[in-house]
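Only one structure is covered here, and it is reproduced in the block below.
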Amino acid sequence: MNTLNKQLIALNKESNKEYNFLLREDGKVEFDSKILDEIAYPIEIISNHQNEYELLVNGVSYSFSVETPFSLQRKKMLTSQASESTTIRLKAPMPGKILEVMVKTGDMVKAGDTLLILEAMKMQNAILASTKGTIKKVLIKEGDTTSKSDLLIELEKEV
């Protein structure tokens with residue numbers, strides 16, 4: 001089967017080890033059978049969604065993210081920036097109206113705490129803290145109308 005001359009890199013999610021692969025004309029990824037070392041193992045693609053693959057190699061499951069060289073560099077840069085920053089900027093997931101703000105600047109929250117209630121399409125949506133930390137800024141108040149991606153709250157995560 002012919003392959004496109006498009007280099008792809010598979011990044012093992014557990015070990016962060018990189019492997020080179022090819023993209024076939026039908027859009028499928030062609031995996032080399034020498035994923036773990038120089039020994040050839042039978043490989044079965046258990047599942048894939050977009051660029052995420054789960055492979056069964058010699059009876060063991062591995063998760064991979066398949067990237068172009070450019071997207072891999074971008075992913076590494078974004079990951080390093082995210083790990084350096086301790087501020088989480090909580091944005092509105094959809095347009096709506098703020099019904100209730102349950103936190104104020106300086107409050108300590110833990111993962112899963114409700115920060116605010118956003119009404120969208122006559123549904124009340126609880127917006128939760130994703131991590132433990134301190135509320136740095138509350139940029140909205142009850143009754144405000146928000147657009148998608150409006151900045152709502154800044155949270156300083158606990159390190």
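The values are calculated or read from the model by the stated rules, or taken from the named source; none is laboratory data. Keep in mind it's a predicted model, so treat the numbers as computed, not measured. Ideal geometry is used to build each Cβ from the backbone, glycine not excepted, and the neighbour counts take in all protein chains shown.
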Residues (more than 15 Å from the chain's Cα centre (by Cα), at pLDDT below 80, exposed (fewer than 14 other Cβ atoms within 10 Å of the Cβ) and of a type in the set (S, T, N, Q)) located in the range 59-98: Ser61, Ser85
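When you look at Val159, is it touching a residue at least 12 places away in the same chain (Cβ under 8 Å), out of contact with any helix residue (DSSP H, G or I) (no Cβ under 7 Å at 6 or more places or on another chain) and surrounded by 11 or more Cβ atoms within 10 Å (Cβ to Cβ), yes or no?
Details: touching a residue at least 12 places away in the same chain (Cβ under 8 Å): yes; out of contact with any helix residue (DSSP H, G or I) (no Cβ under 7 Å at 6 or more places or on another chain): yes; surrounded by 11 or more Cβ atoms within 10 Å (Cβ to Cβ): no.
Judged against the criteria, Val159 is not a match.
Here is a check on your reading of the model: is Lys104 in contact (Cβ under 8 Å) with a residue 60 or more places away in the chain, outside any strand (DSSP E or B) and of a type in the set (Lys, Arg)?
no
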Of all residues making up the range 134-155, the number that are assigned to a strand (DSSP E or B) and either aliphatic (A, V, I, L, M) or over 16 Å from Lys91 (Cβ atoms) (or both): 7
Cross-chain or 6+ apart pairs with Cβ under 7 Å, the range 57-77 first and free of Cβ contacts under 8 Å to residues at least 24 places away in the same chain, then part of a strand (DSSP E or B): Val57/Ile43; Ser61/Ile46; Ser61/Glu54
Residue that is farthest from Glu158 (Cα to Cα), among those in the range 114-136 that are charged (D, E, K, R), surrounded by fewer than 16 Cβ atoms within 10 Å (Cβ to Cβ) and in contact (Cβ under 8 Å) with a residue 12 or more places away in the chain: Glu119
Residues (within 20 Å of the chain's Cα centre (by Cα) and either hydroxyl-bearing (Ser, Thr, Tyr) or more than 18 Å from Val101 (Cβ to Cβ) (or both)) located in the range 139-159: Lys148, Ser149, Lys157, Glu158, Val159
